[in-house]
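Contents: one structure, followed by commentary.
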Amino acid sequence: MHVAIIGGASTIGSTVAYTLAGLAPTVDVSLVDINEGAAWAHAKDVSHASYHFSNAPGETVSGDDIGTVQSATPDDLADLDPDLIVFNAAAPQPEDATDRGARDAELDRNLSIVEDVAEDLRPLDPTPLLVVTNPIDRLVYQFYSLLEWPRRCFLGYSLSETARVADALGSELGVHPNDVYCPMMGEHGEHVVPILSRARVGGDAVATDDLDRDEIREYVLDIPFDIAKERGVDETSRWVTSAGVTRVIRSVMAGSTAGGDDPRGRLGEPFCLSTPLDGEYGFEDLALSVPVDLDEGGVDEIHEWDLAAEEADELAVAADAVRTDLERIGAKGYDS
Ligand SMILES: NC(=O)c1ccc[n+]([C@@H]2O[C@H](COP(=O)([O-])OP(=O)(O)OC[C@H]3O[C@@H](n4cnc5c(N)ncnc54)[C@H](O)[C@@H]3O)[C@@H](O)[C@H]2O)c1
Ligand SMILES: O=C(O)C[C@H](O)C(=O)O
């Protein structure tokens, strides 16, 4: 598989490349960035890191099976012919962008980059596109509108919330967070919707009556910005994000390989990504995080779950928030 990371010299993009070199060493990676020097430097450094990954005790992938790590410019995209694209390019963040409004504030700054990159992508055949740049739900829909590829190609990365809610629930329930499953639907932002009705520990349903839903959501919403306040805006949640993006890429690979690993991973449950909706959950002309299964074309299936009443209500509020912004920016289908 060949993954092109647009914005490959970014904090997140370069960390994704490093994580892939360790956990998915056969993947070829192209770091595509307007900052050619930084993209080249990250590609060289990560390819040297791959030497140690592949020669550590227990490793079996060697020689020509090891993926390449190269740098490229946006003009090269058509020739690269990637199997999957990660979009991580963004305008620089102001130094004080460390509060919960920071994702929304990126919309106007990043819209023109989306337009430029959509032009760069236009010559390509439809390819799964995983949008990491904020605010993901609006930008996923904007890419979908501009490129007019099948909607199954469009994915928005919101999986860090699943790790954060597992942290909160693990503490609450006295279990290891890595054994907790709680899907997170809705907006990647203020209107995230914890689906506690489907929470599981080691496969067993969780009794949710004693859980404080608002407290759990507040933790999930605050923690990335508590981290950014300590580390600075140049160090967004790079570790969880790159691990989660790598998990999505590995799920696409597994879902594309007959008889291969379970694309849902160890817990065997679907995870949520943002994707354009066309009637699912009663919404259309917008993107929200919903439970998906993946294959080489992107979304293979969107699961339509029966939600608890408060979860369905919160999802409608999330849809309103995204719709309001799409109207404001005059997205396709919202022209006045
Ligand atoms: N979805 C998530 O969970 C999540 C997590 C962390 C960060 N993010 C978002 O990811 C984005 C990137 O964050 P970062 O800190 O890694 O960014 P960064 O500031 O480190 O890097 C941005 C990169 O984009 C490049 N770029 C700008 N315009 C480009 C273009 N037209 N083509 C190619 N490259 C271009 C820049 O040269 C730079 O290397 C932000 O929007 C951030 O909010 C999302
Ligand atoms: O960009 C950020 O710092 C927040 C990001 O969306 C995240 O959830 O980690």
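The values are calculated or read from the model by the stated rules, or taken from the named source; none is laboratory data. None of the values given here were measured: they were computed from a predicted structure. Ideal geometry is used to build each Cβ from the backbone, glycine not excepted, and the neighbour counts take in all protein chains shown.
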Sole exception among (1) hydrophobic (A, V, I, L, M, F, W, C); (2) within 12 Å of ligand 1 (Cβ to nearest atom); (3) closer than 23 Å to residue 146 by Cβ; (4) surrounded by fewer than 21 Cβ atoms within 10 Å (Cβ to Cβ) for residue 80, by number: (2)
From 137, 120, 108, residue being on the phi < 0 side of the Ramachandran plot, in contact with a Gly (Cβ under 9 Å, 6 or more places away or on another chain) and not assigned by TED's automatic domain parsing to the domain that holds residue 240: 137
Some residue of segment 175-185 being modelled with pLDDT of 95 or more, within 16 Å of ligand 2 (Cβ to nearest atom) and part of a strand (DSSP E or B): yes
Flag if residue 197 is crowded, with 20+ Cβ neighbours inside 10 Å, in contact (Cβ under 8 Å) with a residue 12 or more places away in the chain and in a helix (DSSP H, G or I): no
Candidate set from segment 88-124 (those that are away from ligand 2 (no atom under 16 Å from the Cβ), of a type in the set (Asp, Glu) and touching a residue at least 12 places away in the same chain (Cβ under 8 Å)); member that is surrounded by the most Cβ atoms within 10 Å (Cβ to Cβ): 120
Tally, over segment 143-152, of residues that are touching a helix residue (DSSP H, G or I) at 6+ places or on another chain (Cβ under 8 Å) and either within 18 Å of residue 279 (Cα to Cα) or surrounded by fewer than 22 Cβ atoms within 10 Å (Cβ to Cβ) (or both): 4
Filtered residue count, segment 31-42, keeping only those that are surrounded by fewer than 23 Cβ atoms within 10 Å (Cβ to Cβ) and either more than 14 Å from residue 120 (Cβ to Cβ) or not assigned by TED's automatic domain parsing to the domain that holds residue 71 (or both): 6
Enumeration of residues in segment 223-257 that are polar (S, T, N, Q) and either in contact with a helix residue (DSSP H, G or I) (Cβ under 8 Å, 6 or more places away or on another chain) or within 15 Å of ligand 2 (Cβ to nearest atom) (or both): 236, 237, 241, 242, 246
Long-range neighbours under 6 Å by Cβ, at least six apart or interchain, first residue assigned by TED's automatic domain parsing to the domain that holds residue 194 and β-branched (Val, Ile, Thr) within segment 150-165, second more than 10 Å from ligand 1 (Cβ to nearest atom) and in a helix (DSSP H, G or I): 165/220
